[in-house]
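Here is the structure we will look at.
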Amino acid sequence: MVRRFGNGTATARAREEALGKLPSPRGRLPVIGHLHLLGSFPHVSLRDLAAQHGRDGLMLLRLGAVPTLVVSSPAAAQAVLRTHDHVFASRPHSPVTDILFYGSTDVAFCPYGHHWRQVKKIATTHLLTARKVRSYRHAREHEVRLVVAKLRRDAVGGDAVNMSDLLNAFANDVICHAVSGKSFRKQGHNKLFRELVEANSSLIGGFNLEDHFPALVKLDIIKRMVCAKARRVHKMWDDLLDSLIDHHASKPASERGGEDCDFIDVLLSVQQEYNLTKDHIKAQLTIMFEAGTDTSFIVLEYAMVRLMQSPHLMAKLQAEVRNTVPKEKDTVTEDDLTGLAYLKAVIKETLRLHMPAPLLVPHLSMAGCDVNGYTIPSETRVIVNSWALARDPSGWESAEEFVPERFLEGGSAAAVDYRGNDFLYLPFGAGRRICPGINFAIVTVEIMLANLMYHFDWKLPPRSGAGRWH
């Protein structure tokens, strides 16, 4: 049920009354609220707090001046992301994303409304369709060959290989190729893009004072102080993207079409149809780099570590790849991926335990509505703890263990997918705000991991411990 509140003082009173009925931890402090309860790994802290203080998968925290509803059960996630998806489809305002993404006009952080519907349509019908993703297969396979060749050279002396750097560069180069075509490497832009993506991730994922105390941003001195780094990073993005867009725009129209045209070509071709400004185009390109690099790199890195820590699982995956792909082939191609069921199960399990976004991008309620018997007022920030959902022992057998077999035919999670249909497993979100780049990310991970298993035998360097998984 959607509820409409009145105006003025009565609205504020009704809002506070509704929030006051939600389960919430004790120990709320003046000014900072519950911020002191969040540790170095907020998704872990939120899971533990919800286990103690939440009810029906819901818990209210006062994070600074912002009331925040934390969702930690599949039923509550389904209520927010499907039943009331139309109510929770917006995003909270963030000065940092406003700076980085040109007024938050990108597909990920844009508030719900006409412009978001337009950019979502562009992403799903022009940039990231299954056909468009397939059109980049030769670029992905080319980047895989470069990685394999580099590994062969580096492995001659038997030295350890820094896979983090290599996989990060691979994921970034794949998205660079899709966004700007072959010109990115000729002009040496790939390294700069990688540095800018890392800077964005630090700004978005870090603690931002202005997100918890929005009133502070109204003070010019605070606004300049908290947003200074974001503005510096934005300026670098702006200069780089301007040069790429201008270069593409200067090409004859006949050179900007075709099956293998890149994202910039596509956005320029639909610019008038969707009434896009140049800043709108730059916003979409920036989020494509951000999401396209981090997702693939994080999943690949964790998959490799998990497999090296479980040699019997690695041997099983290597046997599948090597027995399926003809020995005379120099590279596993995307045509070979269809029959690799265990490869897909390994990737699903890695996404379950180590999803790139353990907390989904925050939602914002646009009206009051009832969720699991509680009234959630409008303008309430909502965080879905997808990490907690994916490790919930009530929904997963051996929830903390790395068991890819659960996703194979006959396994306990054989029917579970990552496309937003199963609310205990949401690595890409669900509902209207589900990530539109699922196909692009998954095939990038599959083709790289398959080739790493096909060509090489792997082990951790000496004295590499398991560490703590978060």
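The values are calculated or read from the model by the stated rules, or taken from the named source; none is laboratory data. On a predicted model such as this, the values are computed, not experimentally measured, just so you know. Because the Cβ atoms are built from the backbone with ideal geometry, glycine has one as well, and the counts that use them run over all protein chains shown.
The numbered conditions (1) under 16 Å from I287 (Cβ atoms); (2) in a helix (DSSP H, G or I); (3) not small (G, A, S) are all true for R134 except (1).
Just one of the listed residues (F263, F213) is at pLDDT 90 or above and within 27 Å of V361 (Cα to Cα), namely F263. Taking the criterion of being assigned to a helix (DSSP H, G or I) and of a type in the set (S, T, Y), the only residue of the range 90-123 that qualifies is T97. Looking only at the range 68-79, decide whether some residue is surrounded by fewer than 22 Cβ atoms within 10 Å (Cβ to Cβ) and not in a helix (DSSP H, G or I). Yes, the conditions are met somewhere in the range 68-79. The selection criterion, being modelled with pLDDT under 85, assigned to a helix (DSSP H, G or I) and either of a type in the set (A, V, I, L, M, F, W, C) or farther than 25 Å from V133 by Cβ (or both), does not hold for R231.
Kindly establish whether F297 is of a type outside the set (A, V, I, L, M), surrounded by 20 or more Cβ atoms within 10 Å (Cβ to Cβ) and more than 18 Å from I434 (Cα to Cα). When the stated conditions are applied, F297 passes them. Screening the candidates N168, N190, N200 for the property of being modelled with pLDDT under 90, surrounded by 12 or more Cβ atoms within 10 Å (Cβ to Cβ) and either closer than 27 Å to A357 by Cα or not hydrophobic (A, V, I, L, M, F, W, C) (or both) yields one hit, N190.
Within the range 287-298, residues that are charged (D, E, K, R) reach partners that are assigned to a helix (DSSP H, G or I) with beta carbons closer than 8 Å, at six or more positions or on different chains, in the pairs E290/V197; E290/N200; E290/S201; E290/I204; D294/A171; D294/V197; D294/S201. Scanning the range 387-408 for residues that are under 22 Å from H312 (Cα atoms) and in a helix (DSSP H, G or I) yields a count of 4.
Here L240, L166, L151 are screened, and the one residue that is over 22 Å from the mean Cα position of the chain (by Cα), touching a residue at least 12 places away in the same chain (Cβ under 8 Å) and under 20 Å from A291 (Cα atoms) is L240.
Within the span defined as the range 316-327, every residue fails to be over 22 Å from A303 (Cβ atoms) and within 22 Å of the chain's Cα centre (by Cα).
Considering only the range 324-345, I want to know if a residue exists there that is in contact with a Pro (Cβ under 6 Å, 6 or more places away or on another chain), closer than 18 Å to H43 by Cβ and at pLDDT 95 or above. So far as the range 324-345 goes, no, none of its residues is in contact with a Pro (Cβ under 6 Å, 6 or more places away or on another chain), closer than 18 Å to H43 by Cβ and at pLDDT 95 or above.
Remark: pairs (first residue in the range 375-388, surrounded by fewer than 24 Cβ atoms within 10 Å (Cβ to Cβ); second residue among the charged types (D, E, K, R) and assigned to a strand (DSSP E or B); Cβ separation under 9 Å; 6+ apart in sequence or on different chains) = T375/R3; P377/R3; S378/R3. For G103, the test of being out of contact with any Lys or Arg (no Cβ under 7 Å at 6 or more places or on another chain), of a type outside the set (K, R), surrounded by fewer than 20 Cβ atoms within 10 Å (Cβ to Cβ) and without any contact (Cβ under 8 Å) to a residue 12 or more places away in the chain is failed.
Evaluating L408 against the criteria (1) under 25 Å from P42 (Cα atoms); (2) modelled with pLDDT of 95 or more leaves one unmet condition, (1). Only a single item in (1) without any contact (Cβ under 8 Å) to a residue 60 or more places away in the chain; (2) within 18 Å of the chain's Cα centre (by Cα) is not met by N200, and it is number (1).
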